[in-house]
Amino acid sequence: LQRDRAEASNAQVNARRLGTLLREGVASRDETDRAQTQATALAASVTADEAAVEHARLALQYCYIHAPFRGRIGQLLVHEGNLVKENDTVLAVVNQIRPVQVAFSVPQHELPAIRRRLAVAELPVAAFLGDATTPVATGRLDFVNNTVDTTTGTVLLKARFENADEALWPGQFVRVTLTIDTLRDVVTVPEPAVLVGQDGSYVFVIGSNDTVESRPVRPGIAAGGIEVIEDGLAAGDRVVTDGQIRLAPGSHVVVKDGAA
């Protein structure tokens with residue numbers, strides 16, 4: 001290409017020179033036409049060379065396979081000298097590491113609350129390894145499936161984790177917690193304190209003279225051994241958490257010393 005460009009440039013200069021000499025009556029028409037034809041032919045050669053160079057550059061790109069995302073390549077499935085077929089042979093598997101998605105399912109009755117909160121704010125998700133109480137990574141809810149699994153009654157969700165430290169690995173099993181909302185200034189009791197009778201849920205409340213009374217309550221959500229009481233108790237009320245089977249309204253109790 002560079003050679004033909006140089007020759008084409010020289011041919012154009014020669015054609016212009018002969019054109020000037022022809023107008024002055026010094027050069028012949030035949031000689032001028034030959035110079036013009038040569039300049040045109042060499043210009044066409046430059047165009048063909050440029051196309052050939054572009055084709056070679058494109059062919060060189062086809063010598064490499066680029067993944068559509070940044071990831072980590074796994075075990076090589078073919079090696080130098082192996083026979084491969086187009087659209088048939090798998091060369092290697094690439095998994096995206098940063099970011100990663102964690103897939104999990106929730107009961108379908110949780111879906112309305114999740115969609116309602118997701119419409120106004122991002123929902124945080126924490127991932128835990130094994131029985132650890134400290135999350136190994138935190139992310140956000142990124143996907144809600146458009147159907148309920150009819151066999152399990154659950155909805156598939158996916159959370160996106162930036163995973164900058166690669167704490168999460170493709171194919172790994174983790175526990176996740178999805179925070180839908182944070183309840184503030186609510187009354188909570190240990191779950192064993194709430195009993196279920198014929199008239200609904202109730203607790204035994206300890207009065208000032210260490211006697212108990214049965215009080216109906218309206219429990220809310222429960223998590224981690226703690227249950228929210230939406231109605232029926234006030235902050236500071238004392239409730240019985242053990243031995244309720246032996247109690248009746250008016251029974252006298254002894255409060256054991258121990259952790260609150």
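The values are calculated or read from the model by the stated rules, or taken from the named source; none is laboratory data. Fair warning: this is a prediction, and the values are worked out from it, not measured in the lab. Cβ sites come from the backbone with ideal geometry, for glycine too, and all protein chains shown count toward neighbours. All accessible areas refer to the heavy atoms of the entire protein, side chains included, with ligands and DNA or RNA removed. Shrake-Rupley method; radii C 1.70, N 1.55, O 1.52, S 1.80 Å.
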Q.
Condition first: open to solvent by 50 Å² or more (accessible area, probe 1.4 Å), β-branched (Val, Ile, Thr) and at pLDDT 90 or above. Now tell me which residues in the range 227-256 satisfy that.
A. 241
Q: Return a yes/no flag: does the range 116-138 have any residue that is basic (Lys, Arg) and modelled with pLDDT under 95.
A: yes
**Q.** Complete set of residues in the range 83-108 that are among the β-branched types (Val, Ile, Thr) and either in contact (Cβ under 8 Å) with a residue 60 or more places away in the chain or assigned to a loop (DSSP other than H, G, I, E, B) (or both)
**A.** 84, 89, 90, 93, 97, 100, 102, 106
Q.
Between a residue in the range 237-249 that is more than 14 Å from residue 196 (Cα to Cα) and any residue that is open to solvent by 40 Å² or more (accessible area, probe 1.4 Å) and at pLDDT below 90, which pairs come within a Cβ distance under 6 Å, given they are 6 or more apart or on different chains?
A. none
Q: Note down all Cβ pairs under 9 Å where the first residue falls in the range 147-160 and is closer than 29 Å to residue 97 by Cβ, the second is loosely packed, with under 11 Cβ neighbours inside 10 Å, and they're at least six residues apart or on different chains.
A: 155/147; 156/147
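Just the residues that are touching a residue at least 24 places away in the same chain (Cβ under 8 Å) and either in contact with a helix residue (DSSP H, G or I) (Cβ under 7 Å, 6 or more places away or on another chain) or within 19 Å of residue 137 (Cβ to Cβ) (or both), please, taken from the range 109-125.
Matches in the range 109-125: 123, 124, 125.
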(Q) Only one of 188, 133, 138 is hydroxyl-bearing (Ser, Thr, Tyr), surrounded by 15 or more Cβ atoms within 10 Å (Cβ to Cβ) and outside any helix (DSSP H, G or I). Can you tell me which? (A) 188
Q: Inspect the range 154-171 for any residue being open to solvent by 40 Å² or more (accessible area, probe 1.4 Å), more than 26 Å from residue 69 (Cβ to Cβ) and within 21 Å of the chain's Cα centre (by Cα) and give the result as yes or no.
A: no
**Q.** Residue list for the range 66-96, filter: open to solvent by 100 Å² or more (accessible area, probe 1.4 Å), polar (S, T, N, Q) and under 24 Å from residue 165 (Cβ atoms)
**A.** 75
